Amino acid sequence: MTQCYCENCTLFLADRFVGGTCPHCDFPDARGDQCDKCQKLFNSPIEMKNPFCTICNKTPIERDTEHFFIDLP
């Protein structure tokens, strides 16, 4: 899978730790995977205009990561 990665913090970022401007309505405080103003969903936080890490304010990159999914009954 692909996930946002902050090279400054050396962390993969959960959606809530990525901020930016909504590409649909230009709301400047969109977070993670949706805009709180227009309610549009994003496939990736990188879709936002000017995405930034909310921890250090640097621009994150997309990096491949490995996930394991377990089907529990």
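The values are calculated or read from the model by the stated rules, or taken from the named source; none is laboratory data. This structure is a prediction, so every number in the text was calculated from the model and none was measured. Virtual Cβ from ideal backbone geometry, glycine too; neighbours counted across all protein chains shown. When the accessible area is computed, the model is the full protein with side chains, heavy atoms only, and any ligands, DNA or RNA have been set aside. Shrake-Rupley method; radii C 1.70, N 1.55, O 1.52, S 1.80 Å.
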Open item on the list: I'm checking my understanding of the structure. Among residues of segment 41-52 that are exposed (fewer than 15 other Cβ atoms within 10 Å of the Cβ) and of a type outside the set (S, T, N, Q), which one is nearest to Val18 (Cα to Cα)?
Closed with: Lys49
Open item on the list: Let me spell it out: the conditions are (1) open to solvent by 90 Å² or more (accessible area, probe 1.4 Å); (2) in contact with a Phe, Trp or Tyr (Cβ under 6 Å, 6 or more places away or on another chain); (3) at pLDDT below 90, and Asp33 meets all of them except one. Which number is the exception?
Closed with: (1)
Task: Complete set of residues in segment 1-28 that are over 13 Å from Thr59 (Cα atoms) and open to solvent by 90 Å² or more (accessible area, probe 1.4 Å) - done: Met1, Arg16, His24
Task: Given (1) in contact (Cβ under 8 Å) with a residue 60 or more places away in the chain; (2) open to solvent by 60 Å² or more (accessible area, probe 1.4 Å), number of the condition Thr65 does not satisfy - done: (2)
- [ ] Could you please tell me which pairs satisfy a Cβ distance under 7 Å, a separation of 6+ or placement on different chains, a first residue in segment 7-20 that is of a type in the set (Asp, Glu), and a second residue that is in a loop (DSSP other than H, G, I, E, B)?
- [x] Asp15/Gly32; Asp15/Asp33
